[in-house]
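Written below as structure tokens is the structure these notes are about.
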Amino acid sequence: MSRKQLARSGGDLSRLGTDDTGATMLHLDMDSFFVSVELLTRPELLGRPVIVGGRGGRGVVVSASYEAREFGVHAAMPMARAMNLCPFAEVIPPSHGLYSSYSRQVFDLVADVTPDFQQVSVDEAYIDVSGAVRRLGPPVLITSQLRSEIEARTGLSASVGIAGSRVVAKLASTRAKPHGQLLVPLAATQKFLDPMPIEALPGVGEKTRESFAKYGIRLIGDLAAVDEAWAGRVFGAHGHHLWRSAHGQDSHGMDREVKDRSISAEQTFAEDVWDLSQLEHELLRLADKVAHRVRADGKVATTLGLKYRLSDFTTLSRSVTLDAPTDLAREMYEALRPIVIGLREQKSKGVRLLGLRAAGLMDFAISGRQARLDEPEHAGREAEVALDDVRKRFGTAAISQASLLRKHPNQD
């Protein structure tokens, strides 16, 4: 971390520690996203003050490069004010449609890590990796690999906070910028929060900051030190919420809601797909990806879901309960293929998106799964487990099912 980042944190972040046990909540925030996307095709502007926004009389700043921010320019600022602060900045009008395209690429990569994420804007999300630790390793490693994959695939950089709650993860990602990651171990949560100014907490604006200051509360640690009942009496429900935030707790407390765990994958096509064979090929690819994750978690699925989005954005969902639990791509494919065929025959529009979800998960050890009588010797599961071993050693792209290796005629 830079000295500037350390100064913004209000303390020595190097002393927080490296134990990421239980720090399974990530806050991912793309670095100067709109500017960074524009600079992918304008590399000559790298290192210069750049502003994305409208130049008209009422134009506002959409995003500013870190070089422009050094002059006080920030998002939502009137463009006239921004140009007074940084008159030599390069102004680029927003490229509508381009940002959502890159956003989809980023969050497709997030979905490869876990389906348990909440995208809160085009460039920001909370990611719960508790269900991915067994498969991918500890949170810090997951974060490093995700950031590297995003940069390799898109050319964009992301900053990530790693903590035990959303509020702390968000504060950590802010202090990790630009192009960094910051772990706040559970045991160091209060140490991390206490020296920060109270306005660092989400939900504390200028008026709230001034109200706190009347009671001598200027740092997060000041608020954490008072009684919650007092905070509630003086500031109402908002006071209770902020008091919990000052202790690193989300509004619902540290306990996460019990969820019906599922594992999913989906693909948005660059162009609408009309060809049934291409849809079948994509269904098998998604089944291969989902089944790999199910096996990695030591689970089997008892139900499967299909998402089928048409060119007019109509989204159809179908589900099937399996005769026997499965963790095999071929069985998932065979269960959902008739549904895909039926939908393609019934609907006259092209397909924009296809998705597959494995749900009703249970431990493989207690599933009672047995080989079917019609399975040949050295059957499906042995082959797919062998693929897992190769992927574990050489990466997920190293090998695939033979039918996925043939190139579809409609693919580039």
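For R218 and D112, the FRET efficiency from 1/(1 + (r/R0)^6), where r spans their Cβ atoms and R0 equals 30 Å, is about 0.10.
Among the listed pairs K170/K299; K307/K349; K177/K307; K307/K347, those with a Cα-Cα distance over 25 Å are K170/K299; K177/K307. Extension gain for D19-R48 works out to 6.7 nm (0.36 nm per residue, less the C-alpha to C-alpha distance).
Packing around the peptides 220-229, 160-169, taken as the average count of other Cβ atoms within 10 Å per residue, puts them in this order, highest first: 160-169, 220-229.
Projected label points at R233 and Q145, each 7 Å from Cα along the beta carbon direction, are separated by 5.2 nanometres.
FRET efficiency for the pair L322 and N84, taken as 1/(1 + (r/R0)^6) with r the Cβ-Cβ distance and R0 = 45 Å, rounds to 0.10. Here the dipole of the stretch 261-358 is about 300 debye; that uses its Cα centre as origin and unit charges on the Cβ of Lys and Arg (positive) and Asp and Glu (negative). The Cα atoms of the stretch 125-174 give a gyration tensor whose axes a ≥ b ≥ c have a/c of 1.5 or more with a/b no greater than b/c, which makes the shape oblate.
For the stretch 264-305, the residue among T268, G298, L283 whose Cα projects farthest onto the positive side of the dipole built from Cβ charges is G298.
Bear in mind that the values in this text are calculations on the coordinates, not laboratory data. On a predicted model such as this, the values are computed, not experimentally measured, just so you know. All Cβ positions, glycine included, derive from the backbone under ideal geometry; neighbour counts span all protein chains shown.
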